[in-house]
Structures are given as structure tokens and as C-alpha cells.
Amino acid sequence: MELLAVFPPLLAFLLAFLLGRRLGDRFAQIVTCTGVVVAALASCALFIHVVFGNDMQGDPRTIVLMHWMTSGDFKVDWALKIDQLTVVMMCVVNIVSACVHIYSVGYMSHDESKERFMSYLSLFTFAMLMLVTSDNLVQLFFGWEGVGVASYLLIGFWNQKNSANSAAIKAFLVNRVGDFGLALGIFATFAVFGTVHMDTIFAMAPEKAALTYHFLGMDIHALTLICVLLFIGAMGKSAQLGLHTWLPDAMEGPTPVSALIHAATMVTAGVFLVARMSPVFEYAPTALMLVTLVGATTAFVAATIGMTQFDIKRVIAYSTMSQLGYMFFALGVSAYGAAIFHLMTHAFFKALLFLGAGSVIHALHHEQDMRNMGGVWKKIPATYVLMWIGSLALAGMPFFAGFYSKDIILESAFADHTWFGNYAFWMGIAAALMTAFYSARLLFMTFHGKPRMDHHTYDHAHESPPSMLSPLMILAVGALFAGFFGYESFVGSGAGASSHATQVVATENVVIEHDVEAPVVEESTHGHEWNRHAFWQDSLFVLPENDTLEGAHHVPLWVKLLPIIIGALGLLLGAVFYGWKTGLPQKVVSAFNPIHTLFYNKWFFDEAYHAAFVTNALRLGRAFWQGDKNIVDGLGPDGVANTSQRVAGVLSRFQSGYVFQYALIMILGLIALVTWMFFKMVTGQA
């Protein structure tokens, strides 16, 4: 079952990429869609077995596929770590990827390279599966880089467009910055723990809790250093503030790519990494504080930018960045279950929004600017309803998936009772208001009001084919019900802990005694206690004093109601500004022009980076180029070539074709030879 959940996308990629041209587009579409659907079904079956197997106690396991590499004492296996966290991620990745594959059959029907596109989608899916199933950091890095390469190919798929090529290069380079931090984090982990095997690292983490490490001339807390470096890697892949500039530009790829990258796969890799490494992060409180601050600030800043954009895909992209900020500050306050819960619900409604936006773009002949839309809800009613479902889930309205997962994150931040937890809570509240506002703005600008496109485009607007609408309906079911059905298991009352507690009576081995009503607490072989939750079991690690998820269920009523009120207010304001009083936005822009300029220009991050890095890099490159041209080439190959040319020019003058000139040269040469021999004889006798 494990192999069926992981390897069909790889097989599909190989068949489509190698044989697609020969056997045709339809073959590539069938084989790739079949491979991912099989993987999705196998993932769901594996989820049931791992989570609910063995009389509801779960059945996690690690399957070694082959020995991978050996260097002295360093050994790495290629293995699949199958536990509760893994199967949740596998279900999310494979289900969303299956929907995207099927959707792409209709969306890319007029493209000339359909087989190449479908093969890239399957490659991306397999790389992500390698990442989430890894049981060691080297295999994780392999999947991590595989996702980066596949995303580069997909973002730049329409390589005839300069903007697509630039966006692909930008995504690749910005992610390399984060990946450098991840690589250093893996090196530091090996230096401290002597292994890259995750289970061994997790078991040793308590005894390394007080260790310091000499780095850059300073003695630094070892686990904090490791976690900060790993988090830098997560920032790049999950587009957190500072390493986020690649995300909106990635919209240059086809819309299915946007759904796959921004909904459930690439951008969630950083969230998964921090959650997987929770046994290490729990002993690095400074790193957790950094994660909280970066996540909360990202959620706020991205929401401010999303309110001012007009490209429908860019608005949704910035909402992705904002929601990832929520996930990260949940991780920062140790609400790992809440972060993964939001990751799961977000995957459904964000993929729904991206694919819904693709349906709108398809209906309007590839128009993406919302200023050129409007009044099309009667033309595409199914897409209209589905976009409302996704938007209400994103806004966190009651009974939609986002309501359950976003609220538990905000409540966990409040329950943390730290200054940075409070900062995250209020930044999250502000971001929730703006999220609801730009969700309503998107809906009203796109579907309501008078049509703002030309008559030809409006008259020929049409609903998408079943191959595009059926995946949207599947995702809509998740956007409607995933939160309700997942809440109790993922983050339910009692922090999701088992109904019976354990009392530890030995420190060498974990001894469990039942029938004590409290959250489960276990003690490791080093005498450290931790909370073991009923659903997540050993896949997530939380120290008892950090268990904000339990505290989230006991916050004041106003904390629970505030996100709902704020979300409803944001939707109402959006309806007023873009549905009823359409002249208000321009008045507000005029009144607050400096702030609007800041938000509209994305806080000038691109301009600052261009001035600080790109311009200086170009200057440095030109300086090195001049040095290479004038010194290295001038004295090297170019200089030798020029000297040879000059010598040849001189010698060519003697090639006149006159016999007397050749005879003269021979005589002169003979005289020179005799003179040299005579000189040698004289000097030899002396």
C-alpha cells in the first residue's frame, strides 16, 4: 500500500515524458491522471490504516526500501516513514494533485505541449511525496530540491514568454537562499547529533537541550542554531516575509501550476519541516519565538498587499502567503496540530479558489485583470457558486473549513500568554479582517456589477467543461466539510489527547498506566515529559508547559467570537465598497495615497532587493567580466592568439613568390648557422 501511495506518479512521469511525444497527448493525460488517482486512493486507505489501525491506537511504521549511501560511519537508507503526520500530508498532496491533473486535461486542451506539462505535474507530486515520507534529513533534502526543480520547470512552462522565464529563475534563486540555510541546518544537526536519522535525532534531543556550539566565533545554543537554520529553509519554500518575493511572480505559470504549488504542496513544505522537527524546536524557545514573529508579520503584510492587487491570481497568491503566516505562528506557539489542521483545510479551499480563478480566466479568454471583468455570474453560475464557497472558507465564516482551523490558531496564540503570542493574535485578527475584505472584493469585482470587458469577450463567455468543474466540486466538498469532520481529531477538546493519562514510574523505559483522567504525558529515557495526543501519537511532540492547544479550548468567549465578527465585518465592507458604493475605493485611495502606494507596490521589497542585490551583483559581474576580458583573456588565449597573428603577419611578408628573395633568405640563414657554429667552437676552445 505504501508503494502504491508514493511511486505511481514517478512511473507516470517517466512514461509521459519518454513516450508522450510518440504515443500522443491522450496517452500522457491518461497515464498521469491514473497514476495520481491511484496514489490518492492508496493514501486514503493508508490514512485509515495508520490512524485507526490496531484498535484505534494507530499503526505507524518505517519501511526501508534500499540502502542508499555509505561514507565511513555515515550511512543513509532510502526509507518511507509512515506515521500520522505523513499520511495526512500524503492525502493532501495526492488528492489535490489528482484534482489538478484532471483539471489540466480541460484547461490545457489547446496547449501544444500537453504531454510535457502533465509529466512535470507528476514529477512535482513524486518529489513532494519523497519529502513528506523521508525518515532522514538527506532524503528530505532530496525531495526538497526535487520540488524546487519541478516548480522551476512548471513556472517557466510557457518559456516563450520572457516574464515566465524571469519568474522561474527568480523562484529558483530565491529558494536557493533558503535552501542554503536548510543545508547548513542539516550539517549542524549532523555535527551535534552525529546522525541525520530523524528518530535518532528526536530521541537524543532532550540530552542535547543545554548544549552550546561554537559558531562564527560565538558560543550559541546548539538546538537554537539548528532550528533557526532549518527555519530559514522553511521561509524560502513557504514564502515567508523576506524570502517571499518569488511567490506572486510564480503566477506566470499556467493556473493548474498555481493551484498545485500554492495550495497543498510546495509552499506547505516549510510548515511540514517545522512540524516534523517539533522534538527539536520544543527545546529551542528562541527559535519558536522567531517563527511566531515572522509568521505573524507575514500574515499581516501579505494581507495588506492582497487588498490592493488587481490580478485575480495574485490576490489569491498573497492570500496563500498570509495563510502560511498563520500556520507558522501556530507552529511558533507549539500548536503543531492546529498548523497542520489549517494546512489541510487551506489546501482544499485554496486549490478551489485557484482552479476557480482558472475557470474564470478560461471563460474570459485568458483575462486576469479584475478591472476588466464584472457581471459574469450568469454566464458561469457553477464557477460563481464554487468561488463563493472557497472565499467564505478563506474568510473563516462559520461552518466552512477555514472557520475551524483559523480560529483554533488564533485561540492558541492567545492562550500562549506571551508577548509574541499576543502579537501574533492581534496581527492574525487584523489579517482576518483584510482577508475577508479582499475575498469580497474579488467576488464583487469579478462576478457582479456591469461588464467591463469588450462585448465579444462577454458574449462568448462560457462555463468550463466537466473535466474542469468536477475537480472543483470535489475540492468544494473539502472546503465545506473538512474542518467540521477533522476538528475533533486534529485539535479537539482535551488538546486531542487520549482520554486516559499515563503516569511514568520508570525512566529507562516508558511505562504506561491507564485510568487517570488527564492529557497523556510520557517521559523519555532521559526523564523529560511530553504530551502524547490521541490522533498525532508520536508524530508531533509538545512539552507540557507549551501545550497551547489545550489552553485554546479555555480562552474567554470574546476571543472565540472576535474572529467571526471581524470576518463578517470584512465581508460587509467589501460588499459596500465594491458592490453598492463603487466610488468609495477611489476616495479612500486618494485620502490615504501614501499607504495605498506602499501596499500596492508590495512594500517595495522587489525594489529594495533590486537596489541592494541585483544592481550590485550586476556591477560586480561587469567588473569581473572586464577583468576576465582584459587580464585573463588578454594575457591568456586572446594574447597568445594576437601574438601569433602578428608573428604570422611578419613572416608572411617573406612569402612574395620571387626565387631570388627565397635564395637570399637561404643564404642569410646559412650565414647565421655557420656564424653560430663558429661561435660555439671558439667559446668551447676558450
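Numbers at a glance
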{"quantity": "Inter-label distance, nm, simple model (7 Å from Cα along the C-beta direction), Leu620/Phe481", "calculated": "5.6 nm"}
{"quantity": "Accessible area expressed per residue, the stretch 252-390, with surrounding protein chains retained (probe 1.4 Å, Å²)", "calculated": "15 Å²"}
{"quantity": "All lysines inside 27 Å of Lys161 as judged from Cα atoms, apart from same-chain residues fewer than 8 positions distant", "calculated": "Lys114, Lys170, Lys237, Lys313, Lys350, Lys602"}
{"quantity": "Heavy-atom surface of the stretch 405-480, accessible at 1.4 Å and reported per residue (Å²)", "calculated": "38 Å²"}
{"quantity": "The stretch 415-491-the stretch 31-92 distance, computed between alpha-carbon centres (Å)", "calculated": "31 Å"}
{"quantity": "Reported label for calculated Rg/Rh (Cα atoms, Kirkwood Rh) given (i) 1.13; (ii) 1.01; (iii) 1.10", "calculated": "(i)"}
{"quantity": "FRET efficiency, Thr582 to Lys378 (Cβ-Cβ, R0 22 Å, nearest 0.05)", "calculated": "0.70"}
{"quantity": "Spin-label model distance (nm) - Ile665 vs Asp369, 7 Å beyond Cα toward Cβ", "calculated": "7.2 nm"}
{"quantity": "Mean separation of Cα contacts under 8 Å, 6 or more apart, over the residue count of the stretch 276-342: relative contact order %", "calculated": "38 percent"}
{"quantity": "Residue-averaged [θ]222 nm for the chain, counting only DSSP H segments that reach four residues, each worth -39500 (n - 2.57)", "calculated": "-21500 deg cm²/dmol"}
{"quantity": "The stretch 255-348, accessible surface, carbon-and-sulfur percent (1.4 angstrom probe)", "calculated": "77 percent"}
{"quantity": "Longest site-free stretch - the chain; sites: GluC sites (Glu not before Pro), DSSP loop, at most 11 other Cβ within 10 Å", "calculated": "113-507"}
{"quantity": "Solvent-accessible area, 1.4 Å probe, carbon plus sulfur percent, for the stretch 535-642", "calculated": "70 percent"}
{"quantity": "Euclidean distance between Cα centres, the stretch 622-686 to the stretch 228-276, Å", "calculated": "63 Å"}
{"quantity": "Spin-label pair Phe215/Leu23, simplified geometry with 7 Å Cα→Cβ offset, distance in nm", "calculated": "4.9 nm"}
{"quantity": "Karplus-derived HN-Hα couplings along the stretch 559-567 (A = 6.51, B = -1.76, C = 1.60, θ = phi - 60°), whole Hz, x at Gly and Pro", "calculated": "5, 6, 7, 4, x, 5, 4, 5, x"}
{"quantity": "Selection from Val632, Leu80, Phe190 lying farthest towards where the dipole of the chain points positive, charges on Cβ", "calculated": "Val632"}
{"quantity": "The stretch 135-171 residues near the modelled His610 label - backbone nitrogen below 18 Å, point 7 Å along Cα→Cβ", "calculated": "162-171"}
{"quantity": "1.4 Å probe accessible area per residue over the stretch 160-201, in Å²", "calculated": "43 Å²"}
{"quantity": "Cα centroid separation - the stretch 278-351 against the stretch 549-611, whole Å", "calculated": "16 Å"}
{"quantity": "Carbon and sulfur %, accessible surface of the stretch 144-223 computed with the full protein complex present, 1.4 Å", "calculated": "68 percent"}
{"quantity": "Gain upon complete extension [Ile169, Ile48; 0.36 nm per residue less C-alpha separation]", "calculated": "39.5 nm"}
{"quantity": "Area accessible to solvent at Lys75, 1.4 Å probe radius, in Å²", "calculated": "140 Å²"}
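The values are calculated or read from the model by the stated rules, or taken from the named source; none is laboratory data. Computed from a predicted structure; not experimentally measured. Cβ atoms come from the backbone with ideal geometry, glycine included; neighbour counts cover every protein chain shown. We work out accessible area using only protein heavy atoms, side chains counted, and drop any ligands, DNA or RNA first. Shrake-Rupley method; radii C 1.70, N 1.55, O 1.52, S 1.80 Å.
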